[in-house]
Amino acid sequence: MPVATPDQYADMLDRAKAGGFAYPAINAASSQSVNAILQGLTEAGSDGIIQVTTGGADYFAGHTVKGRATGALAFAKFVTEVAKNYPITVALHTDHCPKPALADFVLPLLEASEEQVKAGGEPIFQSHMWDGSAVPLDENIEIAAELLPRLKNINAILEVEIGVVGGEEDGVQHEGSNDALYTTVADVTKAVESLGLGEKGRYISALTFGNVHGVYKPGNVKLRPELLGEIQEGIAAKFGTGPKPLDLVFHGGSGSTSEEIALAVANGVIKMNIDTDTQYAFTRSVAGFMFANYDGVLKVDGEVGNKKAYDPRAWGKIAETAMAARVVEATQQLGSAGKSLGV
């Protein structure tokens, strides 16, 4: 199936961990971005993760409606249908859900999946993120511990954020001490003591090592991907596991060097979020088209313009192809290119 079953998703993550690569998890906010992601993954021969934030789900529902659960369900149904035309496998994920959004985003989606699984189907989303980075660590872990059994019961995966990613994404913003941008072994130890290491339900961990959402110039952010290896070693020693016991997620990677990405993946990152760079690729191509064809997309000096230029499909195809190319680049950086389950 083009949209992964829970078992296929688990296998995807296991293959990435064992093979030393990671999947791009790309944010979508429209049918065009979904199509671009599927195009790019197919061109790269890579499986991947398509995810939606609260803001993206609001937009899917209609920007005047703000019905994020409805928008997320529409997103999932759209991907499930159109992905049938592509020879790769994708998983569906909800990204960054802070505490105020639980009631109208993740919890309704969980309920919808629970009903579908009870009726003999599969969960609608293969994983959900609980973003507790804005609340105290104890509360963050407590809410994660409440969510984890529900995810386990529908054979889905929880993503937790232990630490703080700087910058802003879809209204979720963090400011304060730079020390907060670096997760500690003690933080993760507390999480593992409550959540276990898979026996209570599978979860993936967004640990922070200087990450910042958004775009920044090289040198403005001090990433320490070696910290992920130190945490893996600390947790392995503390709990007596094998190497790299944690499945890790890389947030805020725009502007990262290839070397920083490679070290993060070597230290157990199996999912890397991509949003800012694909947004820019999409919009940059549209801007280029509009500047080059201004007298066609506009009715200048009493002329009638060129319908073939201002038809949204004309520049939409260019935008999707440009975004798809950035997706291909991500798969190459992360090592998932050519490793689709279907290859």
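Some observations on this one:
- Unique match (being open to solvent by less than 20 Å² (accessible area, probe 1.4 Å), within 30 Å of SER113 (Cα to Cα) and either modelled with pLDDT under 95 or in contact with a His (Cβ under 8 Å, 6 or more places away or on another chain) (or both)) among GLU159, GLU168: GLU159
- If only residues of segment 276-294 that are under 17 Å from the mean Cα position of the chain (by Cα) and open to solvent by 30 Å² or more (accessible area, probe 1.4 Å) are counted, the one that is farthest from SER205 (Cα to Cα) is TYR280.
- Number of the condition not met by GLU320 [criteria: (1) at pLDDT 95 or above; (2) in a loop (DSSP other than H, G, I, E, B)]: (2)
- Some residue of segment 254-273 being in contact with a Ser or Thr (Cβ under 7 Å, 6 or more places away or on another chain) and at pLDDT below 95: yes
- ASP58 meets all of the listed conditions (1) crowded, with 18+ Cβ neighbours inside 10 Å; (2) free of Cβ contacts under 8 Å to residues at least 12 places away in the same chain but one, namely (2).
- At least 1 residues being more than 27 Å from ASP138 (Cβ to Cβ) is the threshold, and among the helices (runs of 4 or more DSSP H) wholly inside segment 182-280 those reaching it are 226-239, 258-266.
- Filtering segment 222-251 to residues that are under 15 Å from ASP187 (Cβ atoms) and polar (S, T, N, Q) leaves only GLN232.
- Taking strands (runs of 3 or more DSSP E) as the structural unit, those lying wholly within segment 1-107 and holding at least 2 residues that are of a type in the set (Val, Ile, Thr) correspond to 48-52, 90-94.
Let's see how each residue does on (1) of a type in the set (A, V, I, L, M, F, W, C); (2) under 30 Å from TYR310 (Cα atoms):
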{"site": "LEU227", "(1), (2)": "yes, no"}
{"site": "GLU233", "(1), (2)": "no, no"}
{"site": "PRO245", "(1), (2)": "no, no"}
{"site": "GLY252", "(1), (2)": "no, no"}
{"site": "GLY255", "(1), (2)": "no, no"}
{"site": "GLU259", "(1), (2)": "no, no"}
{"site": "VAL269", "(1), (2)": "yes, no"}
{"site": "THR283", "(1), (2)": "no, yes"}
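- Members of segment 69-106 that are of a type in the set (D, E, K, R) and open to solvent by 50 Å² or more (accessible area, probe 1.4 Å): LYS77, GLU81, LYS84, LYS99, ASP104
- Count of residues meeting criterion [surrounded by 12 or more Cβ atoms within 10 Å (Cβ to Cβ) and assigned to a helix (DSSP H, G or I)] in segment 295-309: 4
The values are calculated or read from the model by the stated rules, or taken from the named source; none is laboratory data. This one's a predicted model, so the numbers in the text were calculated from it and none came from an experiment. We place every Cβ from the backbone using ideal geometry, glycine too, and count neighbours over all the protein chains shown. Surface areas here come from the heavy atoms of the whole protein model, side chains and all, with no ligands, DNA or RNA. Shrake-Rupley method; radii C 1.70, N 1.55, O 1.52, S 1.80 Å.
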